[in-house]
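The values are calculated or read from the model by the stated rules, or taken from the named source; none is laboratory data. In this text, all values refer to a predicted model and were calculated from it rather than measured experimentally. Virtual Cβ from ideal backbone geometry, glycine too; neighbours counted across all protein chains shown. In case anyone asks, the SASA skips ligands and DNA or RNA and just uses the protein heavy atoms, side chains included. Shrake-Rupley method; radii C 1.70, N 1.55, O 1.52, S 1.80 Å.
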Amino acid sequence: GTILGTFQYMSPEQLEGREADARSDLFAFGCVLYEMATAQKAFSGKSQASLIGSIMNSEPPPISSLQPMAPPALNRVVSGCLAKDPENRWNTAHDVMLQLQWIAEGGSSAGLPAPVAARRKSRERIAWIAAGLAALAAAALGIGFVRRTPPPSRVLRFEIPAPEGVTAIDSPRISPDGQTVVFNATDSSGKSMIWLRPLNSVSARPMPGTEGTTRPFWSPDSRFIGFFAEGKLKKIEVGGGPPQKICDAPSGADGSWSQQGVILFDGRTADPIYRVSAAGGTPTVAVAADPKRSETQVAWPEFLPDGRHFLFMAFRQKSEENSYRVGTLDSKDSVPLAPAQSLVTYAPPGHLLFVRDKTLVAQPFDAAHLKTTGEAVPLAEHVGATGLGLARFSASRTGALVYRTGEAGSRLVWTDRTGKELGTVGDPAGYADFALSPSGDRLLVEMDDPQTGKSDLWMRDLARGTSSRFTFDPGSETSPVWSPDAKTIVFSSNRTGAFDLYSKAASGGTMETPLVVTSGEFKFATDWSRDGRYILYQLLTKQSGFDIWVLPTFGDRKPIPLVQTAFNESKAVFSPDGRWIAFQGHESGRPEVYVQAFPAAAGKWQISTQGGREPAWSADGKQIYYGDPTSHLMVVEVAEKGDTVEAGIPRPLFQARVQSGVRVRSHYVPTADGQRFLFLAPLGRDALTPTTVVVNWFAELAH
């Protein structure tokens, strides 16, 4: 029931949704043949509706009326193709071929009486003489033109304001043909979607079916947009239609799409860069972080023009040692290119665009020999990059550039059970994770250091409104968890390469105790049982992704696997009585919330029904909170029935305004009484800056 194709060459039966056959193709062929002969389209209209009306009801002027030199017999062939009723058309392409051969063999006189043909041959000689003179004149004009110095390309710069009702905007992505900009945006209700803004339009519009997405990326022909949502890599056609699944990608974040139909995409910390066919399939590893080079992460894949080589950013323990590397689809090996601070984009005819010290620069690059060839030239200032290299710019193949300036960040917002904002905690900053003390008087927050690109933990006294730095190591510290007596903090640090578990007294000091330290594995603490006997953490391995482990604080203190499958399991938290854990699992192809018995895995029950993330228990253990794919904060009643759990029907509390992005590890935390929630929220509409568009940006390089 959906019309697919180009309206201009569709037959009447196709437009009416009737059955099409070979004669429908002959109608399209007739349209093309008419256009070749006359330089005019057989049917025209100012809109799709008027075009359809022309095809259904009107007849094109005879070819001979527009091209007197054309054989009149050609009129008969084309009109036989363009008959409204398929029964009146030529039956087969073979019939049409025979007619055209007959015309070719008869020359320009086909179908004409001899005297007329003679007169036409005379006219043809005159026409050829005129054409020769015209060609000589054109050649003379052409020589004069090429000797002139062409006018320089003009740089055109303008701004695109944020759409009405939008409170947060992610990085803009311009299409390869330079015609359209897309971006992920959050509206005032907290819903995140992809928005589309053609440059010849005065407004942007949201794209239905893209709720809960991460940053979009373009297909090379500018027809499709790739994005990640509900644990899947999807694509959606710009012209309309529902999203199509490409593959499962539980932790997918950013992608690049080649002319050969291959997609590369990255993920969260320690994930490799994967490759998959744009038509669908199972992802395979394209390149991974190399521990021998002290690499901790690879990200931001970017195809080069040949579709075989690609750029990516390799992160190391020391941010000043981060680098761009060149990989190839034929091998998992890569070669170094240059130091790196942000994602990189290739822009024809031969430049790399990236951010250096908050300045967007263009570096000459030889794509054939895979090397830089000159000094970087500044293009725009105040284009910052996060610790993970996210920079808000992109470029087209046609010389168009888009970017956003200003500081990125988020704010910590208190709400009640209806979603009403009650106040904020501290100043806006680059928050990524946070944990509220059991008594609710102190808050540990993870904040990015814009100078080093690393993150540290800070302690906030909520009563006094003061903050002090809690960790001081040169590495990154994240995922803080309070002990039940609020005397100890467990956190993760990558000071030795991979993220390991450490503990430290909540009162501060410099003494830090390693808890779980293993080579090449990433560990992130998620909860501490109320009796103080167990610490939950998630372990990331190349074999099975994220699994849930538990660390006893007694006996031999040997870690024990708790939930270990081929799917990702994370965000595990203890019930208040310690008999159950709630966690986020992906076995259904999207994140859902499950409850499982503890310590023996005697059973497992699904709590969420339409997707769920980040579970949290109420203080009495009778409710579980979680976030759904549309940013609603949900609550569901749970009851213990012996060795089983019964869950009620989930219901929304309110639409939350949460900060998007894979860098964010925690989006909310409830207070002990469940009457307030602390959210990581976007900065708000007042902090939004417009998107700048620069056409012919490369013309500035000559100045």
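Mind listing just one residue for me: the one in the stretch 339-385 that is farther than 19 Å from residue 257 by Cα and β-branched (Val, Ile, Thr) and, of those, surrounded by the most Cβ atoms within 10 Å (Cβ to Cβ)?
Among residues in the stretch 339-385 that are farther than 19 Å from residue 257 by Cα and β-branched (Val, Ile, Thr), the one surrounded by the most Cβ atoms within 10 Å (Cβ to Cβ) is 355.
Residue by residue, here is whether (1) closer than 24 Å to residue 442 by Cα; (2) assigned to a strand (DSSP E or B) holds:
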{"residue": "479", "(1), (2)": "yes, yes"}
{"residue": "486", "(1), (2)": "yes, no"}
{"residue": "492", "(1), (2)": "yes, yes"}
{"residue": "513", "(1), (2)": "yes, yes"}
{"residue": "524", "(1), (2)": "yes, yes"}
{"residue": "539", "(1), (2)": "no, yes"}
{"residue": "549", "(1), (2)": "no, yes"}
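Please go through the stretch 184-213 and give me each residue that is surrounded by 21 or more Cβ atoms within 10 Å (Cβ to Cβ), hydroxyl-bearing (Ser, Thr, Tyr) and not in a strand (DSSP E or B), ordered by number.
Hits for the stretch 184-213 are 210, 213.
Show the residue pairs that are 6+ apart or on different chains and have beta-carbon atoms under 9 Å apart, the first residue being within the stretch 645-657 and more than 9 Å from residue 635 (Cα to Cα), the second being basic (Lys, Arg) and open to solvent by 50 Å² or more (accessible area, probe 1.4 Å).
Once the first residue is more than 9 Å from residue 635 (Cα to Cα) and sits in the stretch 645-657, its partners that are basic (Lys, Arg) and open to solvent by 50 Å² or more (accessible area, probe 1.4 Å) give 654/417; 654/420; 655/191.
Of the residues 308, 316, only one is touching a strand residue (DSSP E or B) at 6+ places or on another chain (Cβ under 7 Å) and at pLDDT 90 or above; which?
Result: 308 is the single residue among 308, 316 that is touching a strand residue (DSSP E or B) at 6+ places or on another chain (Cβ under 7 Å) and at pLDDT 90 or above.
Looking at residue 399 and the list (1) without any contact (Cβ under 8 Å) to a residue 60 or more places away in the chain; (2) open to solvent by less than 30 Å² (accessible area, probe 1.4 Å), which single condition is not satisfied?
Result: residue 399 fails condition (1) only.
Looking for something open to solvent by 10 Å² or more (accessible area, probe 1.4 Å), hydroxyl-bearing (Ser, Thr, Tyr) and assigned to a loop (DSSP other than H, G, I, E, B) - is there at least one such residue anywhere in the stretch 253-261?
No, the stretch 253-261 contains no residue that is open to solvent by 10 Å² or more (accessible area, probe 1.4 Å), hydroxyl-bearing (Ser, Thr, Tyr) and assigned to a loop (DSSP other than H, G, I, E, B).
I need the full set of residues from the stretch 35-60 which are open to solvent by less than 80 Å² (accessible area, probe 1.4 Å), out of contact with any Leu (no Cβ under 9 Å at 6 or more places or on another chain) and closer than 20 Å to residue 76 by Cβ, in order please.
Answer for the stretch 35-60, where residues must be open to solvent by less than 80 Å² (accessible area, probe 1.4 Å), out of contact with any Leu (no Cβ under 9 Å at 6 or more places or on another chain) and closer than 20 Å to residue 76 by Cβ: 35, 58.
For the stretch 291-304, check the following and say yes or no: at least one residue is more than 28 Å from residue 365 (Cβ to Cβ), of a type in the set (D, E, K, R), outside any strand (DSSP E or B) and open to solvent by 30 Å² or more (accessible area, probe 1.4 Å).
No, the stretch 291-304 has no match at all.
Is there a residue in the stretch 326-339 that is at pLDDT 95 or above, farther than 21 Å from residue 497 by Cβ, part of a loop (DSSP other than H, G, I, E, B) and in contact with a strand residue (DSSP E or B) (Cβ under 9 Å, 6 or more places away or on another chain)?
yes
Anything in the stretch 454-464 that is farther than 30 Å from residue 318 by Cβ and either touching a residue at least 12 places away in the same chain (Cβ under 8 Å) or among the hydroxyl-bearing types (Ser, Thr, Tyr) (or both)? List them, or say none.
461, 462, 463
Say whether the condition of being open to solvent by 30 Å² or more (accessible area, probe 1.4 Å) and over 24 Å from residue 396 (Cβ atoms) is met by at least one residue in the stretch 170-183.
The answer is no; no qualifying residue exists.
Quick one: which strands (runs of 3 or more DSSP E) lie wholly within the stretch 629-703 and hold at least 1 residues that are within 30 Å of the chain's Cα centre (by Cα) and surrounded by 15 or more Cβ atoms within 10 Å (Cβ to Cβ)?
By residue number, 632-641, 651-655, 668-670, 676-681, 691-695.
Out of 296, 284, 213, which single residue is out of contact with any helix residue (DSSP H, G or I) (no Cβ under 6 Å at 6 or more places or on another chain) and without any contact (Cβ under 8 Å) to a residue 12 or more places away in the chain?
Answer to the check: 284.
Count, please, the residues in the stretch 370-404 that happen to be among the β-branched types (Val, Ile, Thr), in a strand (DSSP E or B) and under 30 Å from residue 431 (Cβ atoms).
Result for the stretch 370-404: 2.
Test of understanding: among 544, 529, which residue is open to solvent by less than 70 Å² (accessible area, probe 1.4 Å) and modelled with pLDDT of 95 or more?
Within the list 544, 529, the selection yields 529.
So, residue 275, is that one assigned to a strand (DSSP E or B) and out of contact with any Gly (no Cβ under 6 Å at 6 or more places or on another chain) or not?
So residue 275 passes the test.
For the stretch 228-247, how many residues meet the condition of being buried (at least 17 other Cβ atoms within 10 Å of the Cβ), over 16 Å from residue 197 (Cα atoms) and in contact (Cβ under 8 Å) with a residue 40 or more places away in the chain?
Adding up the residues that qualify gives 6.
Contact list please: Cβ distance under 8 Å, first residue in the stretch 515-527 and farther than 18 Å from residue 268 by Cα and in contact (Cβ under 8 Å) with a residue 12 or more places away in the chain, second residue in a strand (DSSP E or B) and of a type in the set (D, E, K, R), pairs at least six apart or on different chains.
515/500; 516/500; 516/523; 517/500; 518/500
Among the candidates 611, 555, 585, which residue alone is of a type outside the set (D, E, K, R), at positive phi, surrounded by 15 or more Cβ atoms within 10 Å (Cβ to Cβ) and out of contact with any Ser or Thr (no Cβ under 7 Å at 6 or more places or on another chain)?
611
Mind checking which helices (runs of 4 or more DSSP H) fall wholly inside the stretch 51-156 and carry at least 1 residues that are more than 52 Å from the chain's Cα centre (by Cα), among the acidic types (Asp, Glu) and at pLDDT 80 or above?
Output list is empty.
Taking the stretch 270-287, which residues are of a type in the set (Val, Ile, Thr) and either open to solvent by less than 20 Å² (accessible area, probe 1.4 Å) or within 17 Å of the chain's Cα centre (by Cα) (or both)?
Residues satisfying the conditions are 273, 276, 287.
For residue 410, state whether it is open to solvent by less than 20 Å² (accessible area, probe 1.4 Å), within 30 Å of residue 485 (Cα to Cα) and of a type in the set (Ser, Thr, Tyr).
Against the criterion (open to solvent by less than 20 Å² (accessible area, probe 1.4 Å), within 30 Å of residue 485 (Cα to Cα) and of a type in the set (Ser, Thr, Tyr)), residue 410 qualifies.
Would you please list the contacts, defined by Cβ atoms under 7 Å and residues six or more apart or on different chains, that run from a residue in the stretch 561-582 that is without any contact (Cβ under 8 Å) to a residue 12 or more places away in the chain to a residue that is open to solvent by less than 20 Å² (accessible area, probe 1.4 Å) and in a strand (DSSP E or B)?
Sorted first by the residue in the stretch 561-582, then by its partner, the list stays empty.
Output the residue which, of all residues in the stretch 494-511 that are closer than 28 Å to residue 292 by Cβ, outside any strand (DSSP E or B) and open to solvent by less than 40 Å² (accessible area, probe 1.4 Å), is modelled with the lowest pLDDT.
So the residue we want is 497.
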